[in-house]
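Since the structure comes first, as structure tokens, the remarks are kept for the end.
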Amino acid sequence: MTREFDLATSLAGAVEDPGGAWNFIRGFAAHWAGVVEIGDGWAESELVAAEERLGVRLPPVLREAYLLFGRRRDLTSNHDVLLGPAELYVDDSKEALVFRHENQGAASWGILLDSLQDDDPAVFIRPDLADKSAERWEEWVERLSLSFVEIVLSESLHADGELCDFLDPDDESLALLEANAARLPFPAYPLGEEEHAIRWFLGQDALLRDDGMAILARGRTAEDLDRVRDLIPGDWLNDYR
């Protein structure tokens, strides 16, 4: 943490309501990426054009996020991709409005059409499977504003090779993660996966995520990332020391 921005405290507020989410994203961006400025969002006219093309009204929270920082690819699209207003679409099954793609097309995130009238609707994920008949929209997070907080956090882990790294964990490295970093107050997700939920941690100016398959780390500086590597030894992908 820094004196200027208390990540854990701000994140606790972010999970309460959309206003808290936008405050968190502004603060996080200012201290970990770059200040959110006028012009970082899409224009109202572009959102209106998307609504007219799709024949639906975008949920207020989706509009707010796009207007505030939707064009900031460093916050939203370092790895997976937040679709622009002109790219939003309704899936082939006519079940959901799709707004985000996994970087290799392995999954999509969307809002069910029957919840578009909600201010802050739930977000679902649909994997791209070989057996198309087995594809289903599955619960991801309970509110769209939470999804945008998760997007900004997750994309920060892929921002820069000098600041970010990846570890294939074992039981010892997971124990060291829990011993050397504080669990952050982000709700368990994907929904329904309490036992194997994605977990977020904060070390000394280092953000970490355990997603069950990897530990991903992001330091505010290269030295902060090196500290994580020393505290959690292992075959870090980008550690060339």
Response to the item:
Within region 51-84, the residues that are over 25 Å from His31 (Cβ atoms) and among the small types (Gly, Ala, Ser) are Gly55, Gly84
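Of the residues in region 93-107, how many are touching a His at 6+ places or on another chain (Cβ under 8 Å) and crowded, with 18+ Cβ neighbours inside 10 Å?
Going through region 93-107, the residues touching a His at 6+ places or on another chain (Cβ under 8 Å) turn out to be 103, 107.
Checking which are crowded, with 18+ Cβ neighbours inside 10 Å leaves us with 107.
Selection size over region 93-107: 1.
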Fill in: Evaluation of Ala179 against (1) farther than 24 Å from Val149 by Cβ; (2) hydrophobic (A, V, I, L, M, F, W, C); (3) touching a residue at least 40 places away in the same chain (Cβ under 8 Å) (one fails), failing number
(3)
Worksheet entry | Out of Arg53, Arg73, Arg63, sole residue that is free of Cβ contacts under 8 Å to residues at least 40 places away in the same chain and surrounded by 20 or more Cβ atoms within 10 Å (Cβ to Cβ) | Arg63
Item to complete: For region 187-201, name all the residues that are more than 18 Å from Phe124 (Cβ to Cβ) and crowded, with 17+ Cβ neighbours inside 10 Å.
Response: Arg199, Trp200, Phe201
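Do the conditions hold for Glu16, that is, is it within 28 Å of Leu225 (Cβ to Cβ) and surrounded by fewer than 16 Cβ atoms within 10 Å (Cβ to Cβ)? Give the steps one after another, and end with the answer.
Working: within 28 Å of Leu225 (Cβ to Cβ): no; surrounded by fewer than 16 Cβ atoms within 10 Å (Cβ to Cβ): yes.
Taking the combined requirement at face value, the residue does not satisfy it.
Does Leu97 satisfy being of a type outside the set (Gly, Ala, Ser), closer than 17 Å to Glu135 by Cβ and in contact with a Pro (Cβ under 8 Å, 6 or more places away or on another chain)? Don't jump to the end; show me each part of the working.
Details: of a type outside the set (Gly, Ala, Ser): yes; closer than 17 Å to Glu135 by Cβ: yes; in contact with a Pro (Cβ under 8 Å, 6 or more places away or on another chain): no.
Criteria not met by Leu97.
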Practice prompt. Sort out which residues of region 191-223 are touching a residue at least 40 places away in the same chain (Cβ under 8 Å) and assigned to a helix (DSSP H, G or I), and write them in order of number.
Written response: Ala222
Practice prompt. Could you please find all residues in region 154-189 being among the charged types (D, E, K, R), part of a helix (DSSP H, G or I) and farther than 19 Å from Thr76 by Cα?
Written response: Asp171, Glu172, Glu178
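Coordinate-derived values only; no laboratory data. Just so it is clear, the model here is predicted, and its values are computed rather than measured. Counting neighbours? That spans all protein chains shown, and the Cβs are built from the backbone with ideal geometry, glycine included.
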